[in-house]
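Shown next, in structure tokens, is the structure this report addresses.
The values are calculated or read from the model by the stated rules, or taken from the named source; none is laboratory data. It should be emphasised that the depicted structure is a prediction, and the values quoted were computed from it without experimental measurement. Here the Cβ positions follow ideal geometry from the backbone for every residue, glycine too, while neighbour counts run over all protein chains shown. Please note that ligands, DNA and RNA were not included when accessible areas were found on the heavy atoms of the full protein model with its side chains. Shrake-Rupley method; radii C 1.70, N 1.55, O 1.52, S 1.80 Å.
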Amino acid sequence: QCGVVKGNTVTTLKHFNSTYELFHFAESTGKQMEEVIADLLTASTEDYQSLVNEKRILVPLNHPDPYRMWITGTGLTHLGSAASRDAMHLKISGGQESELSDSMKMFKMGVENGKMIDNHPASQPEWFYKGNGLTVVNPGDSIPSPSFAMDGGEEPEIAGLYIINKDGVPKRLGFALSNEFSDHKMEKVNYLQLAHSKLRPCSFGPELLIGKLPADIKGRSSIRRNKEVIWEKEFLTGEENMSHNISNLEYHHFKYDLFRQPGDVHVHFLGTSLLSFTDNIETKDGDIFSIEADAFEKPLTNRLKIQ
């Protein structure tokens, strides 16, 4: 069942059991999804925290056919904290181009030309595929790490959520907190292993933020082990803290005909500026990831389950 969040209260909507259904109804009326919601509100409410505690929350967008749900993302898009930003600028501005790693060259392209202006595409970002709807984990549920994995770590991000309408036009429904869970040890072996390291489950939600994403978002990512916080840091996101703007990331994803098939759902991760892995944290079975941000009411939490 769909609902609208306000503080710790969730007001349910009548008639529709999924955001997917709600979107197609709005399309049929020629209105935006947020325009039809007001007429669908009921008098029935739920306590938001109770829904979280009882693990009754699903991801805010899915597809009735999980094989028609694309999970993708882009990296090297964030400037990071002020200190890391200054260090990064110093590194890419000094020395010879040939001395930079491929990743640094890609980051430099975004810093110098990552903002799409007046519908003119900017630099092409890094892009990766994570899987389909079968890899999606609901908020509060366990994220499985396969037995062959070398590592399993969080990536606190914002994801854009999209449905392709009947005319083949991508329609952004909004944004969600997300954990773009990855195998960082595998990626570190060689950057050509990135594709393998990204083929892991992920989670997003518990909310869908409809409308424009705030330009400056402050968040916090943490890991709890046996009720003790073993790692915690703030992260920055939103376009003020990114080398690419969202329109450029969307253009370079949806420019492919493959990704504009009517009825398909897309969850596109927009990148991160923070990883516990870079602080030499090794995750263990049972660790709980928590990701929160000031643009959202509740955090996204998931427990690590090593298979």
Count, please, the residues in region 31-44 that happen to be free of Cβ contacts under 8 Å to residues at least 12 places away in the same chain and of a type in the set (S, T, N, Q).
-> 1
Does residue 47 satisfy the criteria of being modelled with pLDDT under 95 and open to solvent by 60 Å² or more (accessible area, probe 1.4 Å)?
-> no
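Just to be sure before I move on: is residue 247 open to solvent by less than 60 Å² (accessible area, probe 1.4 Å), polar (S, T, N, Q) and over 20 Å from residue 302 (Cα atoms) in the structure I sent?
Working: open to solvent by less than 60 Å² (accessible area, probe 1.4 Å): yes; polar (S, T, N, Q): yes; over 20 Å from residue 302 (Cα atoms): yes.
Yes: the conditions hold for residue 247.
Go through region 97-156 and report how many residues are within 18 Å of the chain's Cα centre (by Cα) and either surrounded by 18 or more Cβ atoms within 10 Å (Cβ to Cβ) or not hydrophobic (A, V, I, L, M, F, W, C) (or both). Full working, then the answer.
Our first condition is that a residue be within 18 Å of the chain's Cα centre (by Cα); within region 97-156, this holds for 125-144, 152-156.
Now narrow it down to the ones that are either surrounded by 18 or more Cβ atoms within 10 Å (Cβ to Cβ) or not hydrophobic (A, V, I, L, M, F, W, C) (or both): 125-126, 129-133, 135-144, 152-156.
Total meeting the criteria: 22.
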With the checklist (1) part of a strand (DSSP E or B); (2) hydrophobic (A, V, I, L, M, F, W, C); (3) over 20 Å from residue 255 (Cβ atoms) in hand, flag the one item residue 161 doesn't pass.
-> (3)
Would you say residue 247 is part of a strand (DSSP E or B) and on the phi < 0 side of the Ramachandran plot?
-> no
Filtering region 119-142 down to residues that are under 26 Å from residue 80 (Cα atoms) and either in a strand (DSSP E or B) or of a type in the set (D, E, K, R) (or both) yields 120, 126, 128, 129, 130
Output yes when any residue across region 178-200 is in contact with a Pro (Cβ under 8 Å, 6 or more places away or on another chain) and open to solvent by 10 Å² or more (accessible area, probe 1.4 Å), and no when none is.
-> no
Could you list, in sequence order, all residues of region 10-40 that are open to solvent by 80 Å² or more (accessible area, probe 1.4 Å) and assigned to a loop (DSSP other than H, G, I, E, B)?
-> 14, 15, 17, 31, 32
Just checking, how many residues over region 66-95 are out of contact with any strand residue (DSSP E or B) (no Cβ under 7 Å at 6 or more places or on another chain), open to solvent by 60 Å² or more (accessible area, probe 1.4 Å) and at pLDDT 95 or above?
-> 1
Counting only residues that are charged (D, E, K, R), modelled with pLDDT of 95 or more and part of a loop (DSSP other than H, G, I, E, B), region 181-230 contains a total of 4
Result of the Cβ filter at 7 Å on region 1-30, keeping first residues that are touching a residue at least 60 places away in the same chain (Cβ under 8 Å) and over 19 Å from residue 163 (Cβ atoms) and partners that are open to solvent by 50 Å² or more (accessible area, probe 1.4 Å) and part of a strand (DSSP E or B), at least 6 apart or interchain, is 8/47
Qualifying positions in region 250-299 - surrounded by fewer than 16 Cβ atoms within 10 Å (Cβ to Cβ), assigned to a helix (DSSP H, G or I) and not acidic (Asp, Glu) | 258, 278
Considering only residues that are in contact with a Lys or Arg (Cβ under 9 Å, 6 or more places away or on another chain) and buried (at least 19 other Cβ atoms within 10 Å of the Cβ), look in region 213-237 and name the one that is nearest to residue 116 (Cα to Cα).
-> 237
Expected output for region 232-259 (first residue of a type in the set (Ser, Thr, Tyr), partner open to solvent by 40 Å² or more (accessible area, probe 1.4 Å), Cβ below 7 Å, 6+ apart or cross-chain) is 237/273; 243/111; 251/121
